[in-house]
Amino acid sequence: MKNDIKEILISEEEVSVRIKELGKEITKDYKEKNLMVVGILKGAVVFMSELCKRIDLPIDMDFMSVSSYGKSSRSTGEVKIIKDLDDSVEGKDILIVEDIIDTGLTLSYLTDNLKKRGANSVKIITLLDKPGRRNIQVKVDYLGFEVPNEFIVGYGLDFSEMYRNLPYIAALKEEVYNDEILNK
Ligand code: XMP
Ligand code: MG
């Protein structure tokens, strides 16, 4: 697996330090609120579990799974909910936890969707941001790290369901994903 990695962008130690800082910030900001943390499956799972341990408040945790339609329809902004939340969000202060924001489509859809359901507030935390690829402007409230326009794996992020368990954040070698595409 390590042979597929082009470069480690963010070490295990750096991620851990940043998540502690974010946890402190969120603890301070949500003291008087009714925090509900919503993780987006599957990429956000590793980040969310580490983050929640650093939030010193009573919290609800839930998950959603979404898929955006094929490339051609991406620009139309279609996102489909595959797994929804178990409970109502009415009156809750939602913090959406995402692994990476790329075009912005997923998070812009989810923010609108949860606001319409009567959440008290909806904010976003993302471990990674690829600002160079944004199509839709989305306000990111808490950010781990900016990353270059590479294919990123590790710390929850996958390529073809692999590499999610890498303890660091890395860029994948181009030939790994080019080969996979050619073999399909
Ligand atoms: P949008 O374009 O909606 O995309 O902001 C967000 C989703 O795209 C996936 N994504 C990646 N996944 N490495 C990954 O493993 C990447 O470099 C990458 N870029 C985008 C991711 O699922 C995210 O939720
Ligand atoms: Mg994802």
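Every number here is computed from the coordinates shown, using simple stated rules; none is lab data. Being a predicted model, the structure only gives us computed values, none of them experimental. Cβ coordinates were reconstructed from backbone atoms using ideal geometry, including for glycine residues, and neighbour counts include every protein chain displayed.
Quick one: in region 157-176, of everything that is over 18 Å from Asp102 (Cα atoms) and hydroxyl-bearing (Ser, Thr, Tyr), which residue is nearest to ligand 2 (Cβ to nearest atom)?
Tyr163
Given the condition of a type in the set (A, V, I, L, M, F, W, C) and within 8 Å of ligand 1 (Cβ to nearest atom), answer yes or no: does some residue in region 91-102 qualify?
Within region 91-102 (the criterion being of a type in the set (A, V, I, L, M, F, W, C) and within 8 Å of ligand 1 (Cβ to nearest atom)), the answer is yes, since at least one residue qualifies.
For Glu32, work out the one condition from (1) in contact (Cβ under 8 Å) with a residue 12 or more places away in the chain; (2) among the acidic types (Asp, Glu); (3) not in a helix (DSSP H, G or I) it doesn't fulfil.
Of (1) in contact (Cβ under 8 Å) with a residue 12 or more places away in the chain; (2) among the acidic types (Asp, Glu); (3) not in a helix (DSSP H, G or I), only one is false for Glu32: (1).
What is the number of the single condition among (1) away from ligand 2 (no atom under 13 Å from the Cβ); (2) closer than 20 Å to Ile152 by Cα that Leu114 does not meet?
Of everything listed in (1) away from ligand 2 (no atom under 13 Å from the Cβ); (2) closer than 20 Å to Ile152 by Cα, Leu114 misses just condition (2).
Looking at region 37-47 only, could you name the residues that are surrounded by 17 or more Cβ atoms within 10 Å (Cβ to Cβ) and without any contact (Cβ under 8 Å) to a residue 60 or more places away in the chain?
Passing the criteria: only Gly39.
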